[in-house]
1. Could you name every one of the strands (runs of 3 or more DSSP E) located completely within segment 266-358 that has at least 2 residues being of a type in the set (S, T, N, Q) and open to solvent by 10 Å² or more (accessible area, probe 1.4 Å)?
2. In segment 328-346, what residues are of a type outside the set (A, V, I, L, M, F, W, C) and in contact with an Asp or Glu (Cβ under 8 Å, 6 or more places away or on another chain)?
3. Counting just the residues of segment 216-230 that are touching a residue at least 24 places away in the same chain (Cβ under 8 Å) and surrounded by fewer than 18 Cβ atoms within 10 Å (Cβ to Cβ), which one comes out farthest from Ser186 (Cα to Cα)?
4. So which strands (runs of 3 or more DSSP E) are wholly in segment 176-247 and hold at least 1 residues that are acidic (Asp, Glu) and touching a strand residue (DSSP E or B) at 6+ places or on another chain (Cβ under 9 Å)?
5. Being open to solvent by 20 Å² or more (accessible area, probe 1.4 Å) and closer than 15 Å to Val343 by Cα is the filter; apply it to segment 361-372 and report the residue that is farthest from the chain's Cα centre (by Cα).
6. Anything in segment 123-137 that is among the charged types (D, E, K, R) and over 15 Å from the mean Cα position of the chain (by Cα)? List them, or say none.
7. Pull out all pairs, ordered by first then second residue, where Cβ-Cβ is under 6 Å, the residues are six or more apart or on different chains, the first lies in segment 366-378 and is farther than 12 Å from Gly334 by Cβ, and the second is among the aromatic types (Phe, Trp, Tyr) and surrounded by 14 or more Cβ atoms within 10 Å (Cβ to Cβ).
8. Starting from residues that are surrounded by 20 or more Cβ atoms within 10 Å (Cβ to Cβ) and closer than 18 Å to Thr240 by Cβ, keep the ones in segment 195-209 and report whichever is nearest to the chain's Cα centre (by Cα).
Amino acid sequence: LKKPNKLFSLFSFQNEINEVPFFDIQLPYELALKIFQYLGKTELGRCAQVSAADKDEVLWYRLCQQEGYLLDTSISDHSCWKLALKNCRARERTLKTKWKNRIGAVSQLQYELGKILCDVHSCDGVVIAGYTSGEVRLWDTRTWDYTAPILEPMHGPGDAGPQPHVSFVRINSSLAVAAYEDGTVSVWNLMFGREPIHHYQHNQRIQALALASEGATVATASGFEVKVESPNDRGFWQTTATFEIQKLVNFLNLVPDVTGSPVTVAAAEDIVYLLKAEDPGKILHSVYGQPVTCLDVSAHEAAFGVKTFGWLLNEPNQILLYNLETSQCLKKMGNSIGDFTCVNLQNSPPNMLVTGNKDRRVRVFDLRKSESLCSLYAHQLGVSAVQMDDWKIVSGGEEGLVCVWDQRMGTKLWEMHARHPVRHVWFNSHSLITANIPDEKTPRGASITDDDLTAHRKHRGIIYAYEFSVDQLAVESILPICRSSYDEVTGYNYNIGLAVPYDNI
C-alpha cells in the first residue's frame, strides 16, 4: 500500500483539473444520511474537511442528541450544530475542572426564625425546608435570589397556638408536600402561590412520605396504614388507594414513570411490599429477622439493603436488587459487616448503583456483577447520603462531612465539614445542594419559654448551595453577604446581626 499507485495518481490529477473531490459521487440525500450516520464526530469532521456535502446539520444534530446535549431543542434552534456540539463539550470540560478544583460560589440558606431544621429536599435547584416552628420555606438557587417564600399551612378554627413540627418535606417540578408531627399533610402547587391546594389528616404520627418525581401523587405511611392521594381527571384530589400493612413502615417510594394507577414500594421492618391500586398488597421480599435498612426505586427495579445475622451465621449484609415487573430477585450485592444506610439507584448512571454503609465506606456496584467496583473511605462515622454520575460521587456522613470523589480514580477531590449529620445531597452538572440536619430537635435554649425565641446557631442545622456554572456573571459570583441590602439590622442573644449595613459592591 505504501507504493505509488498509478491509478490513484491518475484520479488525483483528474480531481485537481475538475476541482471535484474524488469520492464526491452523486448519491440520493437519504442514502447519504444513512451511510454517514454511522460515523463518529471525529470521522465526520474529517470528511467535512474534504467534502462540503458532508457538513449536514442532521448528522451533527443527531450526534449532539446522542451525547446528551440540548435534548429539549429542535434542529431549527441552531444554524451550526457542529459548533453547538463543540461549545457543549467545551462547557462540560470547564465544569468538570471547576468541580475538581472547587472553583465557584457557595451560599448558606438559613432561616433563623424557623428554629431547628427538620427535613430538606430539592428538585432542579429548588430547595424546600421544614422547621420545628412548623414553617415550610422555599429557595430557588437557580436565580441567585435567596428571598425565600414561606408556604402557608392550612388554618383551622382552633389553630391559635404554636404549629407542630414539620416531619418530612418533598418537592418536584410542580408540587411541594409537607407532613407534620400531628399527622397532617399539606400539598402546595408551586405555580398557584403559598396557600395549599390539598390537605388531609392521619390519626397517628407519619413515619414516611413520598412524592412522585413527576406528576401529582403523594403517598404517606402512618401506623399500619399507607395512603396514596392524587387528583382525578377534573383536578379534585382524592384518596386513590389505602393499604393495611402488617408492620410499621420505615421507607416509602413511588415508582417513577408509571402510566395509570400509581405504584408504591414500602419497606416495613423485614418485609418489602409492592402496592398497586388494584392489588391488595403484594409482598416483594420477606425474610424473618432481617430488617431493611435503606430503599430506592427506579422505573423497573427496587434496591434495598438487608441487615442479616452477621457473624453468627457467616452471612454478611447485602444490597438486593428486585425486578418490579416479575418480582424476582435479580442480584445480591455486597459483603459487608456494617449495615447499608443509604442507596441511590434512580439517579445513578445505567447499570450502576452507589451505596453508603455504617462501616464508613462508599461503594459503587455494577448491576451486572456482584462485587463492588470501588470502595471509598473518608468518613469518621456512617455514610448517610450518596449520589453519583458518570465520573463523580458526592457523599455525606453522620459526622457532618461532605466528600466529593473522582469515581474512576477512586480519590477524594475535596471535602467540607459542618456540625450536624448530612441528610440530603443533590447535584446536577453545575450545582450542589447539601443539608446538615440536627438529630436533636429540642435543644436547651430553643424552648418558647426561653428568653431567646430563636435557636442558637450551633443547634439550627444548615443548607449549603454550591454553584460551579461557567455562565455565571461577575456580579453573581459575589457572596450574598456582600450583596445584602439595608433591610436586615436586627439582633438577638448569641445571634447578633450586624447593625451597620453593608455597602453595595
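1. Values: elements: 271-276, 282-286, 292-297, 301-306, 317-323, 329-336, 340-344, 352-357.
So the answer is 317-323, 340-344.
2. Looking only at segment 328-346, we keep the residues that are of a type outside the set (A, V, I, L, M, F, W, C), and these are 328, 331-332, 334-336, 338-339, 341, 344, 346.
If the condition is that a residue be of a type outside the set (A, V, I, L, M, F, W, C) and in contact with an Asp or Glu (Cβ under 8 Å, 6 or more places away or on another chain), then Asn335, Ser336, Gly338, Asn344, Gln346 are the ones that fit.
3. The qualifying residue farthest from Ser186 (Cα to Cα) is Phe224.
4. 225-231, 237-244
5. Within segment 361-372, the match that is farthest from the chain's Cα centre (by Cα) is Ser372.
6. Glu135, Arg137
7. Cβ pairs passing all conditions: Leu376/Trp405.
8. For segment 195-209, the residue satisfying everything is Leu209.
The values are calculated or read from the model by the stated rules, or taken from the named source; none is laboratory data. Fair warning: this is a prediction, and the values are worked out from it, not measured in the lab. Glycine gets a Cβ as well: all are built from the backbone with ideal geometry, and neighbour counts include every protein chain shown. Remember, those area values only see protein heavy atoms, side chains included, never the ligands or the DNA or RNA. Shrake-Rupley method; radii C 1.70, N 1.55, O 1.52, S 1.80 Å.
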